[in-house]
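Q: Please see the structure below; I have some questions.
The values are calculated or read from the model by the stated rules, or taken from the named source; none is laboratory data. These numbers come from a predicted model, not from an experiment. Note that each Cβ is placed from the backbone with ideal geometry, even for glycine, and that neighbours are counted across all protein chains shown.
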Amino acid sequence: RNVSLSVQPGQKVSLIGPSGSGKSTLLALIAGLLRPDSGVVSLDGAPLSGLSDEARAERRARLIGIALQAENLIPFLSAQENVELAMGFGGRPGREAAARELLARLGVAHRAAHRPRHLSGGEAQRVALAVALANKPRLLLADEMVAQLDADTAGQVASDVFHSDMAVIFVTHDLVLAAQAAVRWRLQGQQVVLR
């Protein structure tokens, strides 16, 4: 309600708040997955809400990587095929090799041929992050991006994300991880408090 926020290129923003406070909804609004009841969501100064569903989806595929809590992997495709499909939506060439490289970077190359139901929770989370990163997005929206990962893997994934050039807005309940962001937003009583 009455939210006015902006994120600069390359900026890392953490979003915290109690369960049910609207963190995931805010990410979905920013991604253009939901339309706001009022107001405008803009990406690079262009409003998303005025676009057709197809134009919004195309813009999202090119510019935004989304790793939400709800599983976003297609169950009948392998991990590799899920990443390649995402790259196809963004028109990225050389998909097979690029997908393999991305899965390797996230430590799940050995699971590339497996379907989501045969992956552990942490492996599925890393494949979902690979899908989100598939088109080298300018903005990554991540909901609990390291919640199901062991400490070493979580640290590596967080380090990779924090040292990237893309802007990142991530939801977390991990206050130590949240504190690493340059900007911290807290949802409190349907209001965003900047820290």
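Q: Quick check on my filter: what residues within segment 168-191 are under 19 Å from ALA28 (Cβ atoms), buried (at least 19 other Cβ atoms within 10 Å of the Cβ) and out of contact with any Asp or Glu (no Cβ under 8 Å at 6 or more places or on another chain)?
A: VAL168, ILE169, TRP185, LEU187
Q: Picking from SER42, SER24, which residue would you name as being farther than 23 Å from ASP165 by Cβ and of a type in the set (Ser, Thr, Tyr)?
A: After applying the criteria, what remains is SER24.
Q: Here's another thing I want to ask about it. Could you check segment 156-175 and list, in sequence order, the residues that are closer than 14 Å to MET145 by Cα and more than 14 Å from the chain's Cα centre (by Cα)?
A: GLN156, SER159, HIS173, ASP174, LEU175
Q: Within segment 47-103, track down each residue that is in a loop (DSSP other than H, G, I, E, B), crowded, with 16+ Cβ neighbours inside 10 Å and either in contact (Cβ under 8 Å) with a residue 24 or more places away in the chain or among the charged types (D, E, K, R) (or both).
A: LEU68, GLN69, ASN72, LEU73, SER78, GLY90, ARG92
Q: Surrounded by fewer than 17 Cβ atoms within 10 Å (Cβ to Cβ) and in a loop (DSSP other than H, G, I, E, B): does that describe GLY107?
A: Taking the combined requirement at face value, the residue satisfies it.
Q: Here is a further query. If a residue has to be among the polar types (S, T, N, Q) and either at pLDDT 90 or above or within 19 Å of LEU140 (Cβ to Cβ) (or both) to count, how many in segment 15-30 make the cut?
A: 2
Q: Within segment 139-157, track down each residue that is among the small types (Gly, Ala, Ser) and either within 21 Å of ALA28 (Cα to Cα) or surrounded by fewer than 18 Cβ atoms within 10 Å (Cβ to Cβ) (or both). Spell out how you get there, then give the answer.
A: To start, the set of residues in segment 139-157 that are among the small types (Gly, Ala, Ser) comprises 142, 147, 151, 154-155.
Within segment 139-157, ALA142, ALA147, ALA151, GLY155 qualify.
Q: ARG126 versus (1) surrounded by fewer than 21 Cβ atoms within 10 Å (Cβ to Cβ); (2) within 16 Å of the chain's Cα centre (by Cα); (3) of a type in the set (Lys, Arg): which is the lone unmet condition?
A: All conditions are met except number (1).
Q: Of the conditions (1) modelled with pLDDT of 90 or more; (2) of a type in the set (D, E, K, R); (3) within 19 Å of SER164 (Cα to Cα), ARG117 fails just one. Which one is it?
A: Here ARG117 meets the rest and fails (3).
Q: I've got another one for you. Please enumerate the residues belonging to segment 1-56 that are touching a Lys or Arg at 6+ places or on another chain (Cβ under 9 Å) and of a type in the set (A, V, I, L, M, F, W, C).
A: VAL13, LEU15, ILE16, LEU29, ALA31, LEU33, VAL41, LEU43, ALA46, LEU48, LEU51
Q: Still on this model: If you scan segment 121-175, which residues turn out to be basic (Lys, Arg) and touching a residue at least 60 places away in the same chain (Cβ under 8 Å)? Give the steps one after another, and end with the answer.
A: Of segment 121-175, the ones basic (Lys, Arg) are 126, 136, 138.
Once the filter is applied, which keeps residues that are basic (Lys, Arg) and touching a residue at least 60 places away in the same chain (Cβ under 8 Å), segment 121-175 yields only ARG138.
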